[in-house]
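Quick notes on the structure that follows.
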Amino acid sequence: MGNAIKIFFVTDVHGSNVCYRKFLNALKIYNVDVGILLGDLTGKVLIPLIEKAGGGWETTLMRTHTEVQTQEELDKLKKTIEMMGYYWVHQTPEEFNAYQADPVKVDALFKKLMLQRLKEWITLADERLAGSSYKVYMAPGNDDHLEVDKVIEDSAAIVNCNNRNVMLDDHEMITFCFSNPTPWDTPREKPDEELEPMLEELIATVKDKSNAVFNFHAPPYGYALDIAPELSKDLVQAADRKIHVGSRAVAKMIEKYQPLLGLHGHIHESRGAQKAKHTLLINPGSEYSEGILKGAVIVLEKGKVKDYIFTSG
């Protein structure tokens, strides 16, 4: 346990091209040994760029009607959409109407564009990281479709650490992508009573639990890392009321096994660090839609968390 290891931890980039590129660049900037990108990796919104009869394109972005006339304006709009983590597609008015009438067709197009961007990310990482000494780990989150795992696994430079035990020098790290139920019925969520045996099975692979890293997408329930605005039945945020929304199963596992470090995400607005007895819990937060990369640089040395600092840029 004598070697120092420096980790750059990021979560919830949600399809933002800018944030992903910043993550790759930050490995060198912060001079780290390990990069960890814990889901959610993919975006949530598809923006149609509809051709206008008289020339130009129109769309609705952030509830605002937007029109562009020139190719230069269109390219700028596409970059903004990609920065926000959204996907775009060119459509004629007829194509747009046809897709509006067929939700299954929309879902298929969305998944195609989502996987296409993720494949582009993997290709970029393989090019950038070839021959480097960085160890980079990536895993999906509750928002990510099951097909995401295969795309990551095709990478030559990035390790899909989902549901695995990998070594960070002298420290074992286990990763778990599922969350407790959300209002959005995402692809990877289950009730806490189902998560608990899944977590127990994964934790059983860890030999030295007190020196391990639990890289769990959902934060533990009842801590400062899982506070979010309360939502009404129609998903409207309450202006003045916040509640704990994390996983009780994750909290139980952390309190039971007391790993060295807990790395979490999922709740974008709950950036922070907190101790759970001997365990340091960290959520770097997320502002992906603004193109701002939130992260945490963490130094492990001699079986302890020697230092950590939050980053933003």
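No lab work stands behind these numbers, since they all come straight from the coordinates. None of the values given here were measured: they were computed from a predicted structure. Methodologically, a virtual Cβ is constructed for each residue, glycine included, from the backbone with ideal geometry; neighbour enumeration extends over all protein chains shown.
Over all other residues within a Cβ to Cβ distance under 14 Å of Tyr308, the charged ones net out to +4, with Lys and Arg as +1 and Asp and Glu as -1. Remark: the chain carries a charge dipole of roughly 980 debye about the Cα centre, counting +1 on each Lys and Arg Cβ and -1 on each Asp and Glu Cβ. Cross-link partners of Lys277 among aspartates and glutamates, defined as those whose alpha carbon lies under 16 angstrom from its own and excluding same-chain residues fewer than eight positions apart: Glu255.
Beta bridges per DSSP, both residues in region 35-97: antiparallel share near 60 percent. Over the chain, dividing the summed -39,500 (n - 2.57) contributions of all DSSP H runs of at least 4 residues by the number of residues returns a 222 nm mean residue ellipticity of -9000 deg cm²/dmol. Among the trypsin sites (Lys or Arg not before Pro) in region 257-294, those located in a DSSP loop and surrounded by at most 16 other Cβ atoms within 10 Å of their own Cβ are Lys277.
Shape annotation for region 130-189: C-alpha extents along the principal axes are 42, 24, 13 Å, from largest to smallest. Within the shell defined by Cβ-Cβ distances under 9 Å, the residues around Gly285 carry a net charge of -1, with Lys and Arg each +1 and Asp and Glu each -1. Between region 66-117 and region 291-313, the C-alpha centres lie 36 angstrom from each other. Once you sort the root eigenvalues of the Cα gyration tensor of region 164-313 as a ≥ b ≥ c, which label holds: rounded (a/c under 1.5), prolate (a/b larger than b/c) or oblate (the other case)? Because a/c hits 1.5 or more and a/b fails to exceed b/c, region 164-313 counts as oblate. Cross-link pairs exceeding 23 Å in C-alpha to C-alpha distance, out of Lys112/Lys294; Lys52/Lys76; Lys111/Lys294, comprise Lys112/Lys294; Lys111/Lys294. Using the Cα gyration tensor of the chain, with a ≥ b ≥ c the square roots of its eigenvalues, what is the shape: rounded (a/c below 1.5), prolate (a/b larger than b/c) or oblate (neither)? The shape class here is prolate. Here region 250-294 yields Rg over Rh of 1.07, to two decimals, using C-alpha coordinates and the Kirkwood radius. Between region 218-266 and region 175-209, the alpha-carbon centres lie 14 Å apart. Within the shell of other residues whose beta carbon sits under 9 angstrom from the beta carbon of Asp144, the net charge comes to -3, with Lys and Arg scored +1 and Asp and Glu -1.
From the square roots a ≥ b ≥ c of the eigenvalues of the alpha-carbon gyration tensor of region 113-235, which class results: rounded (a/c under 1.5), prolate (a/b over b/c), or oblate? Because a/c hits 1.5 or more and a/b fails to exceed b/c, region 113-235 counts as oblate.
Secondary structure note: in region 1-138, about 35% of the DSSP beta bridges are antiparallel.
Estimated at 0.36 nm per residue, the fully extended path between Gln274 and Ser210 surpasses their Cα-Cα distance by 21.3 nm.
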